[in-house]
Structures are given as C-alpha cells and as structure tokens.
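Participant: Take a look at the following structure, please.
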Amino acid sequence: MRPFPARAATPTAAERVRSILAAAHSMTVVSDGTHTEVRRLDGMGAMGHFHLRAPSEGVDAPTTPRVPVRLELTDIAPTPVRDRLRARVTVTGLLTDTYRAEATESACVEFGQAVLEDAQGRAYVTLHALEATELDPIATSEADMLTHLMDDHSELLPLLLRLVRPHPGSGLLRALPVAMDRYGMTLRLEYPRTHHDVRLPFQTPVTDIEQVGPQIHALLATARRLSHSGRLLA
C-alpha cells in the first residue's frame, strides 16, 4: 500500500449532518422569540428531542397553529487542536406542538431545510437525503476514540504522520487527530502561522464499530512498513 495523499474520501454533507444530529451533546432551540439551551442530550442526540417529518399538505395538514423553529448545533473537535469548531448545523421547520426541553417524548417538526457550514463552505441537505443516509457507526463513539488515542497512545501519532504525502516539512509544530468517520481518520497539521487537515483513509469504509480497531492497525502496519523501507534505503 502506498502512503496517502492529502485529499481522500470524506463523508457527504448528509452524512455529516446525520452524524452531528446523533452525536451532539447540546443544541440551541429558537422558537417564538425564545432561545432555549438544551444540554446533556444523554446519548439521544438532537433527534431524541425532535422528530423530523415532511411538510403536511391538504387534508393531512394539522389544524393547530404551527410555530417556526430553528435548531442550532455546533460540531466541536474533542481533541485540543487549534480552531476546534469543525462545523455548524442549522435545521429549520415548523413545530406542530409545543416544545419543552424536559419533555419525555420528542416534538414533531415539519422539516424545512438543514444547512451544514464548515471549512469547505455551505451545503443544503434535504429530508430525503437525511432519511436515505445510514448513520455512521463511528459517530457517537468518535470523541471517546480520539481522546483515547491522544491520552493513551500518543506515541502512535508520529508513526501515522509517515503516511502523509507530501511529507510535512520541518516547520510542523504538531499533528493531532481532529476527526474520525467510517471512511478514515483526519490529522490536523499545525504550523506557526497556519494549519491544514489531511485524510488517512481506511482500506474499506467501516460498517460496524468493531471494524475500527483492525482498520487503525492496518494504517499503523503500513506506516511501519514505510518506516522500515526508509531505514533500508538510508
């Protein structure tokens, strides 16, 4: 296997939005002029509080008033990288019943649109795209896996760095994991005045959380082979 280029497979906008909705620990609900901060989503994600559905029309339309609502979520890197904000997601729609943060049942929202904003720009995601997208099996475990790598296996990061091409120059201050998804891992390369991200793709997309360990071991095995080849050529 050859070392990886700086650009490789990444999740679609719909996959990103789905993951952020599932993994979020907090969100802001804006409705009827009121901002409600909802924290400690307890592993349910935003969709544990809201059920998204297609707009009602004709005889199926509800007779009760519908109130515009906006859900605002931020995706923050779990590791101590520079510029930890990874993305923002905004979902707009109409509430068909009263929302209460302490409610045990989810409120129903007639979906308007979902917007993903990140370093690549702005993308609009439809309800159909969200419903057709499977949840990334890593999404709700990503933070724990990345912090475990940082806290308990930081000695592996220089090894993973050997997979990056072109290889970082002498001005590199540090390389930290900033994201992981079903397609691979992202490292953030930090320099004195700038930073950029590089992808280390898995051999195949992960379909089950149990596949993550073997995929990371495969990355490390490739890095070790490169390291060994470099010594032989030196």
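Participant: Please identify the pairs in which a residue from the range 157-184 that is on the phi > 0 side of the Ramachandran plot has its Cβ atom under 6 Å from the Cβ atom of a residue that is assigned to a loop (DSSP other than H, G, I, E, B), counting only partners at least 6 apart or on another chain.
Facilitator: Gly184/Phe202
Participant: Name the residue that is surrounded by the fewest Cβ atoms within 10 Å (Cβ to Cβ), counting only residues in the range 200-234 that are modelled with pLDDT under 95 and of a type in the set (D, E, K, R).
Facilitator: If we take residues in the range 200-234 being modelled with pLDDT under 95 and of a type in the set (D, E, K, R), then Arg231 is surrounded by the fewest Cβ atoms within 10 Å (Cβ to Cβ).
Participant: In this structure, does His128 turn out to be closer than 30 Å to Ala114 by Cβ and either in contact (Cβ under 8 Å) with a residue 12 or more places away in the chain or touching a strand residue (DSSP E or B) at 6+ places or on another chain (Cβ under 9 Å) (or both)?
Facilitator: Details: closer than 30 Å to Ala114 by Cβ: yes; either in contact (Cβ under 8 Å) with a residue 12 or more places away in the chain or touching a strand residue (DSSP E or B) at 6+ places or on another chain (Cβ under 9 Å) (or both): no.
In short, no.
Participant: Yes or no: the range 147-167 includes at least one residue that is hydrophobic (A, V, I, L, M, F, W, C), in contact with a strand residue (DSSP E or B) (Cβ under 7 Å, 6 or more places away or on another chain) and over 19 Å from Ala223 (Cα atoms).
Facilitator: no
Participant: Then there is this: Determine whether Arg193 is within 28 Å of Gly171 (Cα to Cα), of a type outside the set (A, V, I, L, M), modelled with pLDDT under 95 and part of a helix (DSSP H, G or I).
Facilitator: Numbers: within 28 Å of Gly171 (Cα to Cα): yes; of a type outside the set (A, V, I, L, M): yes; modelled with pLDDT under 95: yes; part of a helix (DSSP H, G or I): no.
Spelling it out, it is not the case that Arg193 is within 28 Å of Gly171 (Cα to Cα), of a type outside the set (A, V, I, L, M), modelled with pLDDT under 95 and part of a helix (DSSP H, G or I).
Participant: Does Thr36 qualify as being surrounded by fewer than 20 Cβ atoms within 10 Å (Cβ to Cβ) and modelled with pLDDT of 85 or more? Let's see the steps before the verdict.
Facilitator: Details: surrounded by fewer than 20 Cβ atoms within 10 Å (Cβ to Cβ): yes; modelled with pLDDT of 85 or more: yes.
Taking the combined requirement at face value, the residue satisfies it.
Participant: Sticking with this one: Give the residues of the range 145-156 that are without any contact (Cβ under 8 Å) to a residue 24 or more places away in the chain and either part of a helix (DSSP H, G or I) or closer than 29 Å to Ala13 by Cβ (or both), sorted by residue number.
Facilitator: Pass one, the range 145-156, residues without any contact (Cβ under 8 Å) to a residue 24 or more places away in the chain: 148, 151-155.
Passing the criteria: His148, Asp151, Asp152, Ser154, Glu155.
Participant: Does Thr147 satisfy the criteria of being modelled with pLDDT of 95 or more and in contact with a Ser or Thr (Cβ under 8 Å, 6 or more places away or on another chain)? Full working, then the answer.
Facilitator: Values: modelled with pLDDT of 95 or more: yes; in contact with a Ser or Thr (Cβ under 8 Å, 6 or more places away or on another chain): yes.
Against the criterion (modelled with pLDDT of 95 or more and in contact with a Ser or Thr (Cβ under 8 Å, 6 or more places away or on another chain)), Thr147 qualifies.
Participant: How many of the residues making up the range 124-152 are open to solvent by less than 30 Å² (accessible area, probe 1.4 Å) and of a type in the set (Val, Ile, Thr)?
Facilitator: Residues that pass the stated criteria total 3.
Participant: Please indicate, with yes or no, whether at least one residue in the range 94-101 is open to solvent by less than 20 Å² (accessible area, probe 1.4 Å) and modelled with pLDDT under 95. Explain how you work it out, then say what you get.
Facilitator: Initially, the range 94-101 is screened for residues open to solvent by less than 20 Å² (accessible area, probe 1.4 Å), giving 95.
Narrowing the set further to residues that are modelled with pLDDT under 95 leaves 95.
Among the residues of the range 94-101, at least one is open to solvent by less than 20 Å² (accessible area, probe 1.4 Å) and modelled with pLDDT under 95, which makes the answer yes.
For (1) closer than 19 Å to Ile20 by Cα; (2) hydrophobic (A, V, I, L, M, F, W, C), each residue gets a yes or a no:
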residue	(1), (2)
Thr133	yes, no
Ile138	yes, yes
Thr147	yes, no
Leu173	no, yes
Ala179	yes, yes
Tyr191	no, no
Pro205	yes, no
Leu220	no, yes
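Participant: Have a look at Gly112, Gly121 and point out the one that is surrounded by 15 or more Cβ atoms within 10 Å (Cβ to Cβ), out of contact with any helix residue (DSSP H, G or I) (no Cβ under 8 Å at 6 or more places or on another chain) and among the small types (Gly, Ala, Ser).
Facilitator: On the way: Gly121 fails: surrounded by 15 or more Cβ atoms within 10 Å (Cβ to Cβ).
Result: Gly112 is the single residue among Gly112, Gly121 that is surrounded by 15 or more Cβ atoms within 10 Å (Cβ to Cβ), out of contact with any helix residue (DSSP H, G or I) (no Cβ under 8 Å at 6 or more places or on another chain) and among the small types (Gly, Ala, Ser).
Participant: Val81 passes all but one of (1) assigned to a strand (DSSP E or B); (2) open to solvent by less than 40 Å² (accessible area, probe 1.4 Å); (3) of a type in the set (A, V, I, L, M); which number fails?
Facilitator: (1)
The values are calculated or read from the model by the stated rules, or taken from the named source; none is laboratory data. This is a predicted model, so every value here is computed, not measured. Glycine gets a Cβ as well: all are built from the backbone with ideal geometry, and neighbour counts include every protein chain shown. Accessible surface areas use protein heavy atoms only, side chains included; no ligands, DNA or RNA. Shrake-Rupley method; radii C 1.70, N 1.55, O 1.52, S 1.80 Å.
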